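Peer 1: Below are the C-alpha cells for one structure; questions will follow.
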Amino acid sequence: MKDSFLNRKFKYTYSNASVYIILANLLVFFLCNYTDIGFRGMPLVYWLSMIPAYVSRGWVWQLVTYMFVHGSFMHLFFNMFALLMFGRVLEQYLGTREFLLFYFLCGILGGVVSYVFYIIQGARFAVILGASGSIYAMLFLAAVLFPRARIMLFFIIPMRMPIAVMVFIAIEVISQVYGLSNGVAHLIHLSCIGIAWLYVALRFRLNPMKIWRENL
C-alpha cells in the first residue's frame, strides 16, 4: 500500500530528545517550586498548567506547557522514571522525530479532549498538570511495538506489556467513572491512550488488538 501524508516516514535520527524532555521537566519543577517567578501577580505554575477557563481566554500555550508541570516530587519522579525507561527505547526504535511527534501530539490532543470535557462539566478552573498523559500513551505504544516484552507491574508483578496496559486502562476507567483518586486526571490519561490508539492505527497501520491476540 502506497504511503500517504499520514504514513510518510521521517529520516531516522537519534538525539536523546527524551533526556532533554526530562531535563526540561526538572527545570520547570525547580522554577515553579523553588523560585518566586510569576507574572501579573500569578505564580508561574498557574501560567503553565492547563486551566480550562484560561485556555478559553486564549492561553493556548497551556495545552503544551501543562506536560512539563508537576505537583510534587513523587509525581515528577514516577513520570520521569517512566520517560527514562520507555522513552529512550521508543526514541531509539522510532527515531527522534517520530518519537517527538508521537509524544507531543498525544499530549496536546489528549489535553484538547480533556479541556472540552472539563468545560462541558463546568470544571472551568480545574488545574491539570503533569506528563502522565503522554506517559500512558508511550506505554500503550510500547505494548503494541513490543507485545512480548515484560514489565514489573507496580514494581512487583511480572506481566506482559499488553496485559499491563489493559490493567492500567481498566484502573483509569473505573477511577474516572467512580470518582476515585481525586486530584488525578484520569480523563487525560484515557484521552491520551485513545489518541495513541488512533496514531498507531492511522500512521503505522497497526491493529493493536490483533497484535495482542497473536502474541498473548
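Peer 1: With respect to LEU100, is the statement that it is assigned to a helix (DSSP H, G or I) and in contact with an Asp or Glu (Cβ under 9 Å, 6 or more places away or on another chain) true?
Peer 2: Here the answer is yes, as LEU100 does meet what is asked.
Peer 1: Please verify whether region 54-68 includes one or more residues that are more than 18 Å from VAL144 (Cα to Cα), crowded, with 20+ Cβ neighbours inside 10 Å and touching a His at 6+ places or on another chain (Cβ under 6 Å).
Peer 2: Checking region 54-68: not a single residue is more than 18 Å from VAL144 (Cα to Cα), crowded, with 20+ Cβ neighbours inside 10 Å and touching a His at 6+ places or on another chain (Cβ under 6 Å).
Peer 1: Condition first: assigned to a helix (DSSP H, G or I) and under 16 Å from LEU27 (Cβ atoms). Now tell me which residues in region 68-78 satisfy that.
Peer 2: The answer is PHE68, PHE73, HIS75, LEU76, PHE77.
Peer 1: Considering each of ILE174, ILE188 in turn, give the residue that is at pLDDT below 85, of a type outside the set (D, E, K, R), part of a helix (DSSP H, G or I) and under 20 Å from HIS70 (Cβ atoms).
Peer 2: Step by step, each of ILE174, ILE188 is checked, and only ILE188 is at pLDDT below 85, of a type outside the set (D, E, K, R), part of a helix (DSSP H, G or I) and under 20 Å from HIS70 (Cβ atoms).
Peer 1: Select from region 7-27 the residues that are of a type in the set (D, E, K, R) and out of contact with any Gly (no Cβ under 8 Å at 6 or more places or on another chain) and write down the one among them that is farthest from ARG97 (Cα to Cα).
Peer 2: ARG8
Peer 1: Continuing with the same structure: I need every pair where a residue in region 154-169 that is modelled with pLDDT under 80 and of a type in the set (Val, Ile, Thr) has its Cβ under 7 Å from the Cβ of a residue that is part of a helix (DSSP H, G or I) and surrounded by 14 or more Cβ atoms within 10 Å (Cβ to Cβ), sequence separation at least 6 or different chains.
Peer 2: Hits for this filter: ILE169/ILE193.
Peer 1: Quick one: is TYR14 hydroxyl-bearing (Ser, Thr, Tyr), surrounded by 12 or more Cβ atoms within 10 Å (Cβ to Cβ) and more than 25 Å from PHE81 (Cα to Cα)?
Peer 2: Considered against the rule, which asks whether it is hydroxyl-bearing (Ser, Thr, Tyr), surrounded by 12 or more Cβ atoms within 10 Å (Cβ to Cβ) and more than 25 Å from PHE81 (Cα to Cα), TYR14 comes out as no.
Peer 1: Let me ask you something else. Please determine whether any residue of region 43-50 is within 12 Å of the chain's Cα centre (by Cα) and either crowded, with 20+ Cβ neighbours inside 10 Å or of a type in the set (S, T, N, Q) (or both).
Peer 2: no
Peer 1: Moving on to the next point. Kindly indicate the residue of region 107-154 that is part of a loop (DSSP other than H, G, I, E, B) and among the charged types (D, E, K, R) and also farthest from TRP197 (Cα to Cα) among those meeting that condition.
Peer 2: ARG124
Peer 1: Another question, then. Looking only at region 191-203, count how many residues are buried (at least 16 other Cβ atoms within 10 Å of the Cβ) and without any contact (Cβ under 8 Å) to a residue 40 or more places away in the chain.
Peer 2: Result for region 191-203: 0.
Peer 1: I've got another one for you. Between residues in region 116-136 that are farther than 30 Å from PHE99 by Cβ and residues that are surrounded by fewer than 21 Cβ atoms within 10 Å (Cβ to Cβ) and hydrophobic (A, V, I, L, M, F, W, C), which pairs lie under 8 Å by C-beta distance while being six or more apart or on different chains?
Peer 2: Listed by first residue and then by second, the contacts come to ARG124/ALA53; PHE125/ALA53.
Peer 1: Exactly one of these conditions fails for ASN33: (1) modelled with pLDDT under 95; (2) in contact with an Asp or Glu (Cβ under 6 Å, 6 or more places away or on another chain); (3) in a helix (DSSP H, G or I). Give me its number.
Peer 2: For ASN33, the exception is condition (2).
Peer 1: Identify all residues within region 48-67 that are in contact (Cβ under 8 Å) with a residue 12 or more places away in the chain, part of a helix (DSSP H, G or I) and either among the small types (Gly, Ala, Ser) or farther than 11 Å from ILE128 by Cα (or both); write none if there are none.
Peer 2: ALA53, VAL55, SER56, VAL64
Peer 1: If we keep just the residues of region 121-137 that are over 24 Å from ALA82 (Cβ atoms) and at pLDDT 90 or above, which is surrounded by the fewest Cβ atoms within 10 Å (Cβ to Cβ)?
Peer 2: Among those residues, the one meeting the criterion is PHE125.
The values are calculated or read from the model by the stated rules, or taken from the named source; none is laboratory data. Keep in mind that what you see is a predicted model, and the values were worked out from it rather than measured. Positions of Cβ are generated from backbone atoms using ideal geometry, with glycine treated the same way; all protein chains shown enter the neighbour counts.
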